[in-house]
Amino acid sequence: MTRVENVLGAFSLAVSDRQAAATEGAAGASASAPAALSTLLTYGGRDISIDRLRTIIGLSHSATVRLVDRLSGVGLVERRRGADGRELSLRLTSRGRGVARRVHRERAELLSSLLSPLDARQRRELEALLAPLVAKLVAGRREARNICRLCNHGACERASGCPVDSAATALGE
């Protein structure tokens, strides 16, 4: 192992731990709740099925149902009859949208603070280095959605696009 590999591993683990703490604190719930809220916010006013949510956040069907039960129990998510009448669909409540926005805000503040030692040029260089690394992680569209489950998708849309989405598209998905 080289030093750069070791430093990357330590940094990514520390970022992951801090990101989990920040988003879980913002959501007022642990584990996959921040990812579920973020995903539902990303889909905006469109309803999303439990199965689709499950694939994005990487949980089993039963674990996703339990998570949705908890989130609906505290008034963040509502269940609706799906378009086909057989499947339930999910949507954030007004309160849920506020909590999901707080998750995004806390994540953004954390990541911005972690980048604070870098000037604008160094941030551009880091972005250029990270884009192909994160793109290399993508094996398909499902994995791309999972990788970006906490992302503020507008940030990439306002810039030069999402390297994760571009990698999935390049794979034909």
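What follows draws every value from the coordinates through simple rules; no lab data is involved. The model shown is predicted, which means the values in this text are computed figures rather than measured ones. Ideal geometry is used to build each Cβ from the backbone, glycine not excepted, and the neighbour counts take in all protein chains shown.
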With the convex hull built on the alpha-carbon atoms of segment 60-143, volume per residue in Å³ sits at 158
Considering the options Gly9, Pro117, Thr169, tell which one lies farthest towards the positive end of the dipole of the chain, charges being +1 on Lys and Arg and -1 on Asp and Glu at the Cβ, about the Cα centre.
Thr169
Using the Kirkwood formula on alpha carbons, the hydrodynamic radius of segment 12-125 in angstrom works out to 15.0
Base-10 log of normalised Debye intensity for segment 119-173 (one unit scatterer per alpha-carbon) at q = 0.18, 0.22, 0.27 Å⁻¹:
-0.59, -0.84, -1.14
Using Cα atoms only, what is the angle between the long axis of helix 94-115 and the major principal axis of the chain, expressed in degrees (0 to 90) to the nearest 10?
10
